[in-house]
Amino acid sequence: MKTMVVAAVVAVLASSVWAEPAEAAGDEKKLQKTGKVLINAIRYKKDDLAAKQLDFDAMVAGLLESEWSRLPAAEKKFFVDGMAELIRGISFKAGRDSFQYLDAITYGSAKQNGSKAMLPSTIVIDHPIKGRSELKITWALAKTGASWRVYDTVILGESTMEGIREDQIEVLLEEGGIARVKEAMSDKLAEVRG
């Protein structure tokens, strides 16, 4: 199930303890709107709109951690553009498979810490063969300007990006540094492009 969620939602950095409720009802509504727009845009093949709900820079920075700050602008652009293409080519397509049977989305109270927020949600899928299932996702969002954008998801208490970083990125960095990560991303992009 985690693979489906990773593919469906995209996602991104480590979760932490969030103690403050969303600062205002306006922010709460904006946070929820980001999640709704993302899921429905994926569902109805509006990938450009879905991509606008995601913070690819924060995703890549979270995956590469300290390596990110040492990268020249051209390499940062390669990783951000590559992440966007992979999410569009893999995650959005997988998400459509699940979200075509979307029955409901409900949200809990958001917890906000400055320009970051955690928004719990329950996504109800009513599949004609597999039956009804609930998927609990906590969205990690960052505020950029007036907009909130998703940079991670937390499923069953685990950050999607933290899992990818631990299972894949750290291994690649040990094998050959940032050059090995870039090579692996290039290989995956070639695979997605067919």
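Listing for the model above:
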item: Residues of type lysines that Lys46 reaches as a straight line, Cα spacing below 19 Å, ignoring anything fewer than 8 places off in the same chain; result: Lys33, Lys36, Lys93
item: Computed lengthening from Ala146 to Asn40, 0.36 nm per intervening residue step minus Cα-Cα distance; result: 36.1 nm
item: MRE, 222 nm, helices only [DSSP H, n ≥ 4, -39500 (n - 2.57), over the chain, to nearest 500]; result: -15000 deg cm²/dmol
item: FRET efficiency estimate (nearest 0.05) - Cβ-Cβ, Ser115 to Leu49, R0 25 angstrom; result: 0.65
item: For the range 112-120, Karplus couplings with θ = phi - 60° (6.51, -1.76, 1.60), whole Hz, Gly/Pro x; result: 10, 9, x, 8, 10, 8, 10, 10, x
item: Portion, in percent, of the accessible area of the chain that falls on carbon or sulfur, probe 1.4 Å; result: 51 percent
item: Whole-number percent relative contact order across the chain, with pairs defined as alpha carbons under 8 Å at least 6 apart; result: 30 percent
item: Å² per residue, accessible surface of the range 96-181 at 1.4 Å; result: 49 Å²
item: Segment Ala104-Asp187, length gained on full extension (0.36 nm per residue, minus Cα span); result: 26.2 nm
item: Long pairs among Lys76/Lys143; Lys30/Lys182; Lys130/Lys188; Lys76/Lys116; Lys130/Lys182, criterion Cα-Cα beyond 32 Å; result: Lys30/Lys182; Lys130/Lys182
item: Gyration tensor (alpha-carbon) shape descriptor, the range 52-125, a/c threshold 1.5; result: oblate
item: Relative contact order %, the range 106-194, counting alpha carbon pairs below 8 Å whose residues are six or more apart; result: 15 percent
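The values are calculated or read from the model by the stated rules, or taken from the named source; none is laboratory data. Being a predicted model, the structure only gives us computed values, none of them experimental. Note: ideal-geometry Cβ built from the backbone for every residue, glycine included; neighbour counts use all protein chains shown. Remember, those area values only see protein heavy atoms, side chains included, never the ligands or the DNA or RNA. Shrake-Rupley method; radii C 1.70, N 1.55, O 1.52, S 1.80 Å.
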